[in-house]
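The values are calculated or read from the model by the stated rules, or taken from the named source; none is laboratory data. From a predicted model like this one, the values you see are computed outputs, not experimental measurements. Cβ coordinates were reconstructed from backbone atoms using ideal geometry, including for glycine residues, and neighbour counts include every protein chain displayed. Surface areas here come from the heavy atoms of the whole protein model, side chains and all, with no ligands, DNA or RNA. Shrake-Rupley method; radii C 1.70, N 1.55, O 1.52, S 1.80 Å.
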Amino acid sequence: MTASAPYLVAQLSDLHIKAGGKLSYRRVDTAGALHLAIDTLLAAPQRPDTVIITGDLVDFGSEDEYRFLRDILQRLPMPVRLLPGNHDHRTTLRKVFPDHGYLFEHGDGEAPVHYAMAAGPLRLVGFDCTVPGQPGGRVEPDGLAWLEATLAAAPARPTLLMLHHPPFVTGIGHMDQQGLDNAAALEAVIARHPQVERVVCGHLHRQITRRFGGTIAITAPGPAHQVALDLDPQAASRFRMEPPGYLLHWWHPAHGLVTHLAASGDYGPAHPFFDAHGRLID
Ligand SMILES: [Fe+2]
Ligand SMILES: [Fe+2]
């Protein structure tokens with residue numbers, strides 16, 4: 001890869017893998033959905049250079065779930081970078097993925113999984129905002145100090161900041177109640193580091209975008225089930241089997257970072273466009 005070439009990061013999130021391919025909520029085949037996303041990703045015209053997975057890797061944080069996930073992820077030939085979500089268990093994640101050295105950059109066991117690394121011309125910063133045993137997230141002062149120093153160390157590197165919980169109110173009431181504590185402090189840090197091209201999140205199981213700290217924060221769709229789109233603050237916590245997918249972050253040195261929504265699944269071949277006279281437009 002040359003410095004002038006585009007660079008592609010695929011973002012999967014919220015895999016919720018269960019051991020042995022058991023169904024979630026008695027109806028969602030999360031392992032099958034991950035296979036479908038990987039099928040789609042590998043068949044795409046451009047193969048991503050790196051895959052990031054922004055949390056809720058498995059459903060209950062158990063070792064057999066992580067081992068099952070590890071087997072499925074072997075299908076991906078490119079580097080895969082993992083970040084825990086509220087369904088994950090840091091110690092068990094680290095135990096099953098000992099070769100993912102970045103998971104140990106900030107400590108072992110239950111230490112937060114913060115890390116920073118190069119990905120081609122980009123920089124990936126993983127920021128662990130999970131609170132063990134709680135669905136909601138929190139930005140801890142220690143983590144924030146680490147983030148400030150980490151971003152200050154590479155001000156010229158276009159950066160994707162990964163965190164599981166979106167740092168903004170989405171309008172989906174039952175998810176907003178879980179929320180991310182201390183998001184305003186996170187926003188102040190990000191605003192001081194304009195190289196942060198995107199804050200890329202999960203947790204919401206659908207694509208949602210908002211301005212944040214002078215940059216763009218975006219959540220990824222689920223590869224399996226989506227959180228139902230209902231903006232009534234009292235709406236019940238529900239999911240729907242809408243088209244699943246992932247995000248494709250396309251970095252181009254002349255054009256910056258552009259984020260596409262990709263649907264996973266086989267929708268047949270791409271068809272040519274024709275003009276009003278039936279002539280091919282090329
Ligand atoms: Fe999730
Ligand atoms: Fe989550």
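Put H89, H164 in order of accessible area, largest first, 1.4 Å probe: what do you get?
My answer, sorted largest first, is H89, H164.
Give me, ordered by chain and number, the residues 5 or more places off V58 or on other chains with an amide H under 5 Å from its own placed amide H.
Here H16, I17 satisfy the definition.
Per the 1.4 Å probe, what fraction of the accessible area of the chain, in percent, lies on carbon and sulfur atoms?
Carbon-and-sulfur percentage of accessible area, whole number: 54.
Express as a percent, rounded to the nearest 5, the fraction of DSSP beta bridges in the chain (both residues included) that run antiparallel.
55
Net charge around H193, counting only other residues with Cβ within less than 13 Å of its Cβ (Lys, Arg = +1; Asp, Glu = -1)?
For residues surrounding H193, the net value is +1.
Which ³J(HN,Hα) values in Hz, rounded to whole numbers, follow from the phi angles of segment 264-281 under the Karplus curve 6.51 cos²θ - 1.76 cosθ + 1.60, where θ = phi - 60° and Gly and Pro get x?
8, x, 9, 9, x, x, 6, 9, x, 8, 10, 8, 4, 9, x, 8, 5, 8
Tell me what the chain gives for mean residue ellipticity at 222 nm when only DSSP H runs of n ≥ 4 count, each as -39,500 (n - 2.57), the sum divided by the residue total, rounded to 500 deg cm²/dmol.
After summing the helix terms and dividing by residue count, I get -6000 deg cm²/dmol.
Per residue of segment 5-22, what does 6.51 cos²θ - 1.76 cosθ + 1.60 with θ = phi - 60° give for ³J(HN,Hα)? Whole Hz please, x for Gly and Pro, Karplus curve as stated.
Each residue's phi maps through the Karplus curve to give 8, x, 9, 10, 10, 8, 10, 9, 7, 6, 6, 6, 5, 10, 4, x, x, 4 Hz.
Whose amide H sits under 5 Å from the amide H of L180, counting only residues 5 or more places off or on another chain, with H placed in the peptide plane?
G137
With every protein chain left in place and a probe of 1.4 Å, what is the accessible surface of E105, to the nearest 10 Å²?
For E105, solvent-accessible area is about 100 Å².
Could you list log10 I(q)/I(0) for segment 1-152 at q = 0.15, 0.20 Å⁻¹, which the Debye formula gives when each Cα is one point scatterer?
Normalising to I(0) and taking log10 leaves -0.82, -1.33.
Could you state the accessible area per residue of segment 66-159 in Å², with a 1.4 Å probe and every protein chain left in place?
I get 40 Å² per residue for segment 66-159.
Just reorder F60, F68 by solvent-accessible area, largest first, 1.4 Å probe, all chains present.
Sorted by accessible area, descending: F60, F68.
Provide the solvent-accessible area of H277, counting protein heavy atoms only and rolling a 1.4 Å probe, rounded to the nearest 10 Å².
140
What fraction of the Cα pairs in the chain, stated in percent, has a spacing above 33 angstrom?
19
At a probe size of 1.4 Å, how large is the accessible area of H260, to the nearest 10 Å²?
90
Leaving out ligands and nucleic acids, and using a 1.4 Å probe, what accessible area per residue does segment 212-282 come to in Å²?
Per residue, segment 212-282 has an accessible area of 62 Å².
Give, as a single signed number, the net charge of other residues whose beta carbon lies under 12 Å from the beta carbon of A19, with Lys and Arg counted +1 and Asp and Glu -1.
Every neighbour counted, the sum reads -1.
Through the Karplus equation 6.51 cos²θ - 1.76 cosθ + 1.60, θ set to phi - 60°, convert the phi angles of segment 138-145 into ³J(HN,Hα) values in whole Hz; use x for Gly and Pro.
Residue by residue, segment 138-145 yields 8, 9, 7, x, 4, x, 5, 5 Hz.
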